[in-house]
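Shown next, in structure tokens, is the structure this report addresses.
The values are calculated or read from the model by the stated rules, or taken from the named source; none is laboratory data. Fair warning: this is a prediction, and the values are worked out from it, not measured in the lab. FYI the Cβ positions are ideal-geometry reconstructions off the backbone, even for glycines, and counts take in every protein chain you see. To get the accessible areas, we keep the full protein, side chains included, count just its heavy atoms, and leave off ligands, DNA and RNA. Shrake-Rupley method; radii C 1.70, N 1.55, O 1.52, S 1.80 Å.
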Amino acid sequence: MKNQQFQYTDKDGDTIVAISTPPGIGGIGIVRLSGPRSIEIASKIFRYKGNKRKNLEEFHSHRIYYGTIVAPGKDTMADEVLLTVMRKPESYTREDVVEINCHGGYLAINKVLEIVQKMGARIAEPGEFTKLAFLNGRIDLSQAEAVIDIIKASNEKSWHSSLRHLSGDLRTEINNLKNRIIDINARIEAVLDFPDQGLPEIDHKEITSTLKKALSEISELLNTVKYGQLIKEGINAIILGKTNVGKSSLFNILLKQNKSIVTPLPGTTRDLIEGFINIKGLTFNLIDTAGMKSPENIIEKISLERVDQQMEYARLFLVMFDISEPLDANDIKLIEKVRSFHNRNNFKIIILNKTDLPARLDEVELQQRIGEKEFIKISIKKKTGIDTLTEKMSSKVLSDLYIPEEGLVISNKRHQESLLNIKNCLVNLITGLEKSVPIDLVSLDLKYIINQLGKITGESYDEEMLNHIFSQFCIGK
Ligand SMILES: Nc1nc2c(ncn2[C@@H]2O[C@H](COP(=O)(O)OP(=O)(O)OP(=O)(O)O)[C@@H](O)[C@H]2O)c(=O)[nH]1
Ligand SMILES: [Mg+2]
């Protein structure tokens, strides 16, 4: 299917409506309508300055009008509102849009929604407004996906990257690449279609060099995937250590909240306790755990099993020791467990806590046992070393990652999949060309690449793919 500007019309000519603000108590709540009947419906229920009936066709586009919403037939006020008409095509969906700013909360806004619905508008599906914006050609698919990413962004880095996608930067880059591929393919097809016309022969070397350039651009984008996923999904960071080393104290100080119970009794924490923190624009999902010990009852047994399970999902291990005590059997058990995750693509930071007390831990022995040279020394009691620790947390997870200075970051799995398909096809094509593969086969591969590039921007799409993408949206967006 092709996404052509202005061509899409809803099969039912539906006018859709939804509450676009989050549910709950709030200063204002917005009811949004889009579709051919939105201005007509709003005209029937809006009273300008509180009492005058008005045909909203007379209203200026994109201007705010004060008035009330009344239930048709009853003329009793449902809410005092501010209303804006946004005429097509200068609207979010490129259809006629009406936005009604009501009082937030549960009742008023739902009354207004109910009235609009009774007038014939259909409740919008999740993401339907943005889907219309795509189908009506205002944004491409990569921009629509950026809308979800902006809504869901939990840190500055992913927000910033999503904004670039929203501005259409990925589309520009993809279209640019696609045009070059289309150009070579057109020349190849001309030679194939009109062999007798004396068209200049295709220079294999020239094609190869264009494709090699395309390959390096695609590889550059794919190199950003790991960083893209990290900033989008955040990092699971688990705090490990035997009982009483100060795991929950560390959790609380990083979270800046007294969420986990801290006591001098060993075995205080039983459940896994989680909280999000932001460090240098990255999101960490911090997990406090039960301390390592020999389980003495079923509760301790279960809590230690949970730690084991959670270790499988963690990317960063914050392994804590108490510097004021010599290493003991529980420390050693923990060290063995941590070492069994060697080569599992996770990072470790070794933390020595309680530096306010006299040191009794043998650091050389610890270095040898755990196989790590660097320790971060902290005292949670004195609040020292915490900045060094957070600095280390962000530098560790970013180490070995390619971070583009200015370029685009790919964090979307769908984009990644298409780019990988293109990369593999390009690699095969380039090797084939070097072995003088028949030119009609080259053309087939080029068409495949063009199609895959079109999938990223949504120039070629299918219904299933669209449904999948827009089902991730919230209602009202
Ligand atoms: N002197 C000193 N005491 C600390 C420090 N950090 C934590 N503590 C104390 O150590 C004790 C245990 O702290 P927690 O944070 O509960 O330790 P935990 O590792 O979560 O313990 P469990 O949940 O039992 O495994 C508490 O009394 C804390 O106040 C520190 O830097 N210095
Ligand atoms: Mg604890």
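Under 5 Å between amide hydrogens, built in the peptide plane, is the criterion, and for Thr21 it picks out Ile30 among residues at least 5 positions away or on other chains. Only beta bridges with both residues in the stretch 237-398 are counted; by DSSP, about 30 percent of them are antiparallel.
Write down, largest first, the equivalent ellipsoid semi-axes of the stretch 343-445 in whole Å, where each equals the square root of 5 times an eigenvalue of the alpha-carbon gyration tensor. Spell out each step's value before the answer.
On the way: eigenvalues 537, 57, 17 Å².
Ellipsoid semi-axes (Å, largest first): 52, 17, 9.
Separation of the alpha carbons by more than 24 angstrom is noted, of Lys337/Lys373; Lys259/Lys337; Lys423/Lys455; Lys111/Lys477; Lys226/Lys377, for Lys259/Lys337; Lys226/Lys377. Bridges between two residues of the chain, per DSSP, are antiparallel at a rate of about 60%.
When both the stretch 353-412 and the stretch 290-335 are represented by their alpha-carbon centers, they are found 19 Å apart.
When the chain is fully extended, how far beyond the present Cα-Cα distance does Leu163 get from Thr388, taking 0.36 nm per residue of separation? Write out the running numbers ahead of the final one.
Working: separation 225, 0.36 × 225 = 81.00 nm, distance 3.09 nm.
Extra length available between Leu163 and Thr388 comes to 77.9 nm.
Subtracting the Cα-Cα distance of Gln197 and Ile253 from their residue separation scaled by 0.36 nm leaves 12.4 nm. Against the chain, whose longest principal axis is taken from its Cα atoms, helix 169-193 shows a tilt of about 60°. Note on the chain: with charges restricted to the Cβ of Lys and Arg (+1) and Asp and Glu (-1), its dipole about the Cα centre is near 1560 debye.
Karplus-derived 3J(HN,Hα) values for the stretch 416-427, using 6.51 cos²θ - 1.76 cosθ + 1.60 with θ = phi - 60°, are 4, 4, 4, 5, 5, 4, 5, 4, 4, 5, 4, 4 Hz; glycine and proline are entered as x. Per residue, the solvent-accessible area of the stretch 320-453 (1.4 Å probe, heavy atoms of protein chains only, all protein chains present) comes to 53 Å².
What's the Kirkwood radius of the stretch 16-139 in Å, using all Cα pairs?
On the way: mean 1/r = 0.0701 Å⁻¹.
The Cα-based Kirkwood calculation yields 14.3 Å.
From its DSSP helices (H runs of at least four residues, each -39,500 (n - 2.57)), the chain gives a residue-normalised ellipticity at 222 nm of -14000 deg cm²/dmol. When only Cα pairs below 8 angstrom with a gap of at least 6 residues are kept, the chain shows a relative contact order of 17 percent. The Cα center of the stretch 207-229 and the Cα center of the stretch 246-264 differ in position by 44 Å.
Taking the accessible area of the chain, probe 1.4 Å, and keeping the other protein chains in place, the carbon and sulfur fraction comes to 51%. Counting every pair of alpha carbons in the stretch 237-398, the share spaced more than 26 Å apart comes to 19 percent.
In the stretch 54-178, taking the dipole from charged Cβ atoms about the Cα centre, the farthest positive-side position among Cys102, Ile69, Tyr92 is held by Tyr92.
Report the full-extension gain for the segment Glu156 to Ile298: residue separation times 0.36 nm, less the Cα-Cα distance, to one decimal in nm.
Taking 0.36 nm per residue and subtracting the Cα distance, the gain is 46.8 nm.
In this simple spin-label approximation, Lys413 and Asp400 carry label points 7 Å from Cα along the Cα→Cβ vector, and these lie 2.2 nm apart.
Remark on the chain: Rg and Dmax equal 29.8, 92 Å (Cα only). Taking every Cα-Cα distance in the stretch 183-261 and sorting them into 10 Å bins from zero, the calculated P(r) comes out as 14, 21, 15, 13, 11, 9, 10, 7, 1 percent.
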